[in-house]
1. When ranked by the protection proxy of mean other Cβ atoms within 10 Å per residue, highest first, what sequence do the peptides 92-101, 18-27, 130-139 form?
2. Indicate the gyration tensor shape class of the range 12-77 (rounded, prolate or oblate), computed on the Cα atoms with a ≥ b ≥ c the square roots of the eigenvalues: a/c under 1.5 is rounded; otherwise a/b larger than b/c is prolate and the rest oblate.
3. What does a probe at Thr66 reach in the range 7-50, counting residues whose amide N is under 15 Å from the point 7 Å along Cα→Cβ?
4. Under the 0.36 nm per residue contour assumption, what length would be gained going from the current alpha-carbon distance of Gln10 and Ile145 to full extension?
5. Assuming R0 = 35 Å, can you tell me the calculated FRET efficiency for the pair Phe75 and Met136, based on Cβ-Cβ distance, to the nearest 0.05?
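Every number in this text was worked out from the coordinates using simple rules, so none of it is lab data. Note that the structure is predicted; figures quoted are calculated from it, not measured. Here Cβ is always computed from backbone atoms with ideal geometry, including for glycine, and neighbour counts include all displayed protein chains.
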Amino acid sequence: MKNEQQEMQQEKYQSKVDNLTPKPPLLKNICWAFIVGGIICTLGQLITDYFVGLGFVKKEASAYSTVVLVFLGSFLTGLGLYDDLGKRAGAGSIVPITGFANSIVAPAMEFKREGYVFGVGAKMFVIAGPVLVYGMITSFIIGLIYWLRL
């Protein structure tokens, strides 16, 4: 009897929560992510083409383009503009390499008041650290599979 009452109360509570929880504008969010992510990637291609136009080999131009995009992401994070972009664009601003730069710079700025060693140095990779670890492990496994296939 007591369990039935608890279940009814839980269902009633969940129903109330579902009714009061705002529904996100899913289509609008998807469109913004697509547009902003596309703009960032287009900017990266323009930078790469610029370096190729200067006479660099495509591989070198791509590396320089990556450096410029990481700098821009870090710089805009430092100014507080990248977070505003992230609020509007969601995954469109997180997926490109500029989002990776943001994920390193933002915690470093947040913990600066704790000092350079225990603040910035220790907390810089709070968000990006797991991405790096899993990326390296995945790369190792794929490389091992590739090596064993030869």
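1. Values: 92-101: 20.8, 18-27: 7.7, 130-139: 10.7.
Per-residue Cβ counts within 10 Å, averaged per peptide and sorted highest first, yield 92-101, 130-139, 18-27.
2. Numbers: a/c = 5.26, a/b = 3.50, b/c = 1.50.
Cα axes put the range 12-77 in the prolate bin.
3. Under cut-off, by backbone N: 44-45, 48.
4. Details: separation 135, 0.36 × 135 = 48.60 nm, distance 4.93 nm.
The Gln10-Ile145 span can extend by a further 43.7 nm.
5. Details: r = 27 Å, r/R0 = 0.76.
Given R0 = 35 Å and the Cβ-Cβ separation, E is 0.85.
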